[in-house]
Amino acid sequence: MSKTKKTKKPASRITSISISRLYNLGNYQNIKYDLSAEVGPGESASEIFKELHFILSSLRPLARPHCLDDYERAVKKPTSEQVEYEKAHLQEWADDISAYNERKRRRDQSVLKLNELGGSSFWKDAKANWDKDDEAF
């Protein structure tokens, strides 16, 4: 009686990863980021995905804190001239601005990381392709 050998099929291999994210900027504007990377033999697809995901989430558009002007006005005044509202919110405003600066620093690092990975950019304005006839109803 002969034994049949089971042959092991070669495992599939991921050769590239692509992720994208669309961010709404408001006022009928948005920005879309598409990131793709090749996965070489011996490289970890999950590690590459984690790195791309980190970069993509860090590229989120930043809004200037609403409290920035109030904070800057308040810190220019001596404490004796600050109104109670400013005194009560000064620390909260400082925390918001600090968090914004940290997100901005993280975003700047992600842009540099994209450059290190050989990233390229493509900008498209859909309004440039509108025909004048499209506007007449």
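The numbers here are math on the coordinates, done by the rules we state, and not lab data. In this text, all values refer to a predicted model and were calculated from it rather than measured experimentally. Virtual Cβ from ideal backbone geometry, glycine too; neighbours counted across all protein chains shown.
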- Message: For the stretch 14-61, I need the span (max minus min coordinate) of the C-alpha atoms along each principal axis, in Å, sorted largest to smallest.
- Response: 45, 15, 9
- Message: At R0 = 25 Å, how high is the FRET efficiency between Leu62 and Thr15 if r is their beta carbon distance? Nearest 0.05 is fine.
- Response: 0.15
- Item | Inter-site label distance for Tyr28 and Val75 at 7 Å from Cα along Cβ, in nm | 3.9 nm
- Which entries of Lys50/Lys104; Lys32/Lys113; Lys5/Lys50 show an alpha-carbon separation above 29 angstrom in the structure shown? Lys5/Lys50
- Note on the structure: Extension length gain for Leu112 and Gln82 (0.36 nm per residue less Cα distance), in nm, is 6.7 nm
- Note on the structure: Listed with the fewest Cβ neighbours within 10 Å leading, Tyr85, Tyr23 appear as Tyr85, Tyr23
- Message: Suppose R0 equals 30 Å. What FRET efficiency, 1/(1 + (r/R0)^6) with r the Cβ-Cβ distance, do His53 and Asp96 give to the nearest 0.05?
- Response: 0.70
- Query: GluC sites (Glu not before Pro), restricted to the stretch 19-100: which are DSSP loop and have at most 14 other Cβ atoms within 10 Å?
  - Reply: Glu43
- Message: Starting from the Kirkwood Rh over alpha-carbon pairs, what translational D in µm² s⁻¹ does the chain have by Stokes-Einstein at 20 °C and 1.002 mPa s?
- Response: 106 µm²/s
- Query: Each residue of the stretch 88-105 in turn: what ³J(HN,Hα) in whole Hz from Karplus with 6.51, -1.76, 1.60 and θ = phi - 60°, glycine and Pro shown as x?
  - Reply: 5, 9, 4, 5, 4, 5, 4, 5, 4, 5, 5, 5, 4, 5, 5, 4, 5, 4
